[in-house]
Amino acid sequence: MIARRFLLPFLGFVLGFPLTVTSQIVPIVSGVKSGEALEGQPLEVTVELSQNLGVTRVLFAYRPLGASEFSEMEMLLSGRSAAVTLPGSVVRAPSIEYYVRVLMAGGKTETYPVQNPEANPLRLAVKQPSPKDQEILIISPEPGAAVAIEGLGIVISFFYAPPVVDPKATRILLDNVDVSEGAVLSEDLLIYSPQNFNLPLSKGVHTVTVEVKDTTGKPYHRMSRTFTLTTAEELAAEQTRFRGRVDGQLELRDEALSASHRSYIRGDLRANASYSIFEFGGLMHLDNQDKPTVQPQNRFNVFAQTDWLRLEYGDAYPRFPSLMVSGKRVRGFSASLSTGAINIDFSTGETARAVEGIVDSVAAIDTATTVPPKNSRLLRDTTYEFFTSGTFKRRFLAVRTSFGSSYEGTQFGIGFVKAKDDVGSILRGTLPQENLVVGTDFRVSLDDERFKWETQAALSLTNTDISGGSFTQADYDQLKASDPETGDQIEKIGKVAEKIITVNEFLFPTNPVGKGLPSISLESSLNLNYLNNYLTGMFFRRGASYVSFGNDFLQTDIQGFLVSDRIRMFDNRVYLSLSYERKQDNTADTKEGTTTYGYFNSSITVSPANFPSFTLGYGFNDRVADFNAISGSDSTLATISKFADEKTNRFYVGANHDFTAMGNRQSVSFTLSIADKKDNTFHKANQNNLFFQLAWTSEYRIPLQTVVGFAISNNKNDLQIFTPAGADSLLTTTEFNYSSLTLGARYRLLGDKLRLAADIIPIFGAIRRVSFQAGAQYAVTQNHHLELFFSYIQNSALADDMISSLIYRFNF
């Protein structure tokens, strides 16, 4: 065994012929799930982990079309899964690119996809609003509106409907009761008034469903809308009385996994209320896995607001210009004042709580001959303890003042961000840091935001070790002794600067506006939304030393541009998307050479009437350096090639179709994505990735829904090791291939009060297991629900897993 392990690579190296070694690895992320992604609607994404031992944080990085950089959101970690909800503002057709970062104990980070995720991200298809939603409109009632019983009228407009639609054949269902016979067609409006037919309707939530057919009698479109019925008197009183809503859930969960056994108790509570012009509320998430040894798992927030003021306390995600703050959770107090003329945004609190370091060993050190390392602490005399550094409490303050409207017109803003580690918050820690960012921004928005120009710029200073504090007078005297003129200048500047940031030898850059403007970042974007085009152009430049503790995910030492366009054609039935980005590093000319990056994405989505809609996409990303790299230390045997020279071609095909067969509604969808990376350097780190997914959902006339799905994922990664004279010696190939089958059913009983679900999901290949899932939801009353879930996972190489949970949901 040992001979094979060492002799095989050795023979390949000496003889100089290519060998292929195939291995398989199992990534920590086993899958990503989401609901249907609809443009402009919030989207919940869940990441499934193959195991959760040592996982400290899970971060979801996403980039919609037209964005230059990936943004990042921290996911809520719960056992072997982590969840996050993307805001509707970033859910834009045709797709969202994403990848996952999993932070492990000890500082290790794993990603999904495993290799080069930024250049080869995954994709979530975003469904644009159906063109039929613009053709047939429910004019009244409005979504979620409170309507007086005396004035209820259902009005449907066919003004924009094509000739293929037959308005007379439209069915109107009010709470699943067909009331079509009472509807009156007047020109392009179909009107139904329940008062004319003495239809008994109770106060509360109701649903209207509209089923439209074409001239041949086939289903054309289906829409639903909910609204609330009340009385005219109550509606008038509603405007001045206190209104409130509370909802929440309690979950008991047990995970008996192959490598661990944990029980979870989690609770969520949300409350919202309003009175006159005031709104207030809060949320709370409690998890028994919240421990002082990890960053917070619990969440809480309370808020109060009017149209012009919002106050928050707890866990918040303050919104500032992205160069300053983006996606950062702050536990503390936040406020936003918006008068239109003068606006103030304020946030202060903690972005990380103190987590004490771990003692590794205790030993004696002779300080006369040895300098104690930073990861050591004096206990007594010459006895030191050595430790793995913990996490300092990080205090955070951000303030921005702006002048002008946040929507139409112009706005100018100026602000700063200050983040500083609390040196005394833990005993065992190294390298506490401090960061200061000062920025300004300018915005012009005209013509109902069809024209929008946004520019921002910022300067940063960072100190990577504030443990010793600022320079003392003795330090300044020593500097002046070696160089009087320079030392005197440093003292004058330092004594002023130390009032806002720690000044010592670890403060960088020493000259923020020196060669290459190392500490300055700026970006400017222009959006034009005219003639069915949404055109975006952006220029950005971020200095090599720019750092913001309010945006950990910002790529620095980079400059470039981005152009994108989303074009709607043929009455919104054809959607063309194009984007191109080009950027370069080495902004300060301090590296051996410059690396250039290029990204191109394109897709076309076609939604023909009564036929399947489909999307075709192509993109590429390349990376090319203008300098060479040497593969070995011995120049006589070394192989020389470019430091980087690679290109990844990406292809995407997706389609879905909703239709009726034998009276049952059917929905079929499939996606196929292929990525092919070619590495022209001596590493030959080629990659091939293929993913195919097919799903068929059937809704029967009986309360039954079935789902059949099939997925294939093939992944191959190469890496070549150099040899004497540049010959190929060893080509290692890592493969991770698997396929899965999904069979599921949903059934409703007792007038929809009881819902049963069952799934079986066998997975074959690199992951070999069978998952059995079953669940039940029961509406005890209108406001109280119980949900029982059970999952049994039969593993091939490990002990089986069993997960069960009981959830109680309520609202009032």
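The values are calculated or read from the model by the stated rules, or taken from the named source; none is laboratory data. This is a predicted model, so every value here is computed, not measured. FYI the Cβ positions are ideal-geometry reconstructions off the backbone, even for glycines, and counts take in every protein chain you see. Side chains are part of the model used for accessible areas, which takes the heavy atoms of the whole protein and leaves out ligands, DNA and RNA. Shrake-Rupley method; radii C 1.70, N 1.55, O 1.52, S 1.80 Å.
Scanning the stretch 272-283 for residues that are in a loop (DSSP other than H, G, I, E, B) and open to solvent by 80 Å² or more (accessible area, probe 1.4 Å) gives a single hit, I277.
Based on this model, can you work out whether G151 counts as open to solvent by 20 Å² or more (accessible area, probe 1.4 Å), more than 29 Å from the chain's Cα centre (by Cα) and not aromatic (F, W, Y)? Spell out how you get there, then give the answer.
On the way: open to solvent by 20 Å² or more (accessible area, probe 1.4 Å): yes; more than 29 Å from the chain's Cα centre (by Cα): yes; not aromatic (F, W, Y): yes.
So G151 passes the test.
Only a single criterion out of (1) more than 24 Å from F570 (Cα to Cα); (2) among the small types (G, A, S); (3) open to solvent by 20 Å² or more (accessible area, probe 1.4 Å) is not satisfied by A161, namely (1).
Exactly one residue among D178, D166 is in the same structural domain as T209 (by TED's automatic domain parsing), under 43 Å from the mean Cα position of the chain (by Cα) and without any contact (Cβ under 8 Å) to a residue 12 or more places away in the chain, and that residue is D178. Say we look at the stretch 101-122 and pick out the residues that are open to solvent by 30 Å² or more (accessible area, probe 1.4 Å) and under 14 Å from T648 (Cα atoms); which of these is modelled with the lowest pLDDT? Taking the candidates together, the pick is Q115. Has the stretch 770-781 got at least one residue that is closer than 20 Å to R748 by Cα, in contact (Cβ under 8 Å) with a residue 24 or more places away in the chain, open to solvent by 60 Å² or more (accessible area, probe 1.4 Å) and in a strand (DSSP E or B)? Yes: one or more hits. If you go through the stretch 597-620 one residue at a time, do you hit one that is assigned to a strand (DSSP E or B), more than 26 Å from D565 (Cβ to Cβ) and at pLDDT 90 or above? Looking for residues that are assigned to a strand (DSSP E or B), more than 26 Å from D565 (Cβ to Cβ) and at pLDDT 90 or above, one finds none in the stretch 597-620, hence no.
Looking only at residues of the stretch 236-253 that are modelled with pLDDT under 85 and open to solvent by less than 50 Å² (accessible area, probe 1.4 Å), we find that the one that is farthest from K132 (Cα to Cα) is A237.
Just a yes or no: is a residue in the stretch 509-524 more than 30 Å from G469 (Cα to Cα) and in contact with a Lys or Arg (Cβ under 9 Å, 6 or more places away or on another chain)?
Residues of the stretch 509-524 more than 30 Å from G469 (Cα to Cα): 522-524.
Subset that is in contact with a Lys or Arg (Cβ under 9 Å, 6 or more places away or on another chain): 522-523.
The answer is yes, given that some residue of the stretch 509-524 is more than 30 Å from G469 (Cα to Cα) and in contact with a Lys or Arg (Cβ under 9 Å, 6 or more places away or on another chain).
If I filter the stretch 514-533 for residues that are among the polar types (S, T, N, Q), in a loop (DSSP other than H, G, I, E, B) and crowded, with 18+ Cβ neighbours inside 10 Å, do I get at least one hit? Looking through the stretch 514-533, at least one residue is among the polar types (S, T, N, Q), in a loop (DSSP other than H, G, I, E, B) and crowded, with 18+ Cβ neighbours inside 10 Å. Within the stretch 317-361, being in contact (Cβ under 8 Å) with a residue 60 or more places away in the chain, open to solvent by 30 Å² or more (accessible area, probe 1.4 Å) and of a type in the set (S, T, Y) holds for S322, S326, S338. Please give the number of the condition A93 fails out of (1) of a type in the set (G, A, S); (2) under 30 Å from F600 (Cβ atoms); (3) under 13 Å from the mean Cα position of the chain (by Cα). Of the numbered conditions (1) of a type in the set (G, A, S); (2) under 30 Å from F600 (Cβ atoms); (3) under 13 Å from the mean Cα position of the chain (by Cα), the odd one out for A93 is (3). Is it the case that the stretch 402-418 has a residue that's more than 30 Å from the chain's Cα centre (by Cα), open to solvent by less than 50 Å² (accessible area, probe 1.4 Å) and at positive phi? Yes, there is a match, as at least one residue in the stretch 402-418 is more than 30 Å from the chain's Cα centre (by Cα), open to solvent by less than 50 Å² (accessible area, probe 1.4 Å) and at positive phi.
Of the residues making up the stretch 601-621, those that are open to solvent by less than 50 Å² (accessible area, probe 1.4 Å) and within 24 Å of the chain's Cα centre (by Cα) number 9. Look at R582 and say whether it is modelled with pLDDT under 90 and either in a strand (DSSP E or B) or under 30 Å from D658 (Cα atoms) (or both). It is false that R582 is modelled with pLDDT under 90 and either in a strand (DSSP E or B) or under 30 Å from D658 (Cα atoms) (or both). In the stretch 304-315, the residues that are within 19 Å of R329 (Cα to Cα) reach residues that are open to solvent by less than 50 Å² (accessible area, probe 1.4 Å) and assigned to a strand (DSSP E or B) with C-beta atoms within less than 6 angstrom, at least six apart or across chains, in these pairs: R310/S336; L311/A304; L311/A335; E312/F303; E312/S334; G314/N301; D315/R299; D315/N301. Each residue in the stretch 295-316 was checked for being touching a Leu at 6+ places or on another chain (Cβ under 9 Å) and open to solvent by 30 Å² or more (accessible area, probe 1.4 Å), and 10 pass. Return the residue satisfying two criteria in turn: it lies in the stretch 782-801 and is more than 29 Å from the chain's Cα centre (by Cα) and in contact (Cβ under 8 Å) with a residue 40 or more places away in the chain, and of such residues it is least open to solvent (accessible area, probe 1.4 Å). Out of the qualifying residues, it is N795. The set of residues in the stretch 669-690 that are within 14 Å of Q720 (Cα to Cα) and open to solvent by 60 Å² or more (accessible area, probe 1.4 Å) comprises K678, N680, H683, K684. For the stretch 545-571, name all the residues that are within 26 Å of A352 (Cα to Cα) and open to solvent by 40 Å² or more (accessible area, probe 1.4 Å). Answer for the stretch 545-571, where residues must be within 26 Å of A352 (Cα to Cα) and open to solvent by 40 Å² or more (accessible area, probe 1.4 Å): V547, D552, Q555, T556. Taking the stretch 284-378 as the region of interest, the strands (runs of 3 or more DSSP E) fully inside it that hold 2 or more residues being of a type outside the set (S, T, Y) and touching a Pro at 6+ places or on another chain (Cβ under 8 Å) are 330-338.
Taking the condition part of a strand (DSSP E or B) and among the acidic types (D, E), does D752 pass? Spell out the reasoning first.
Working: part of a strand (DSSP E or B): no; among the acidic types (D, E): yes.
Against the criterion (part of a strand (DSSP E or B) and among the acidic types (D, E)), D752 does not qualify.
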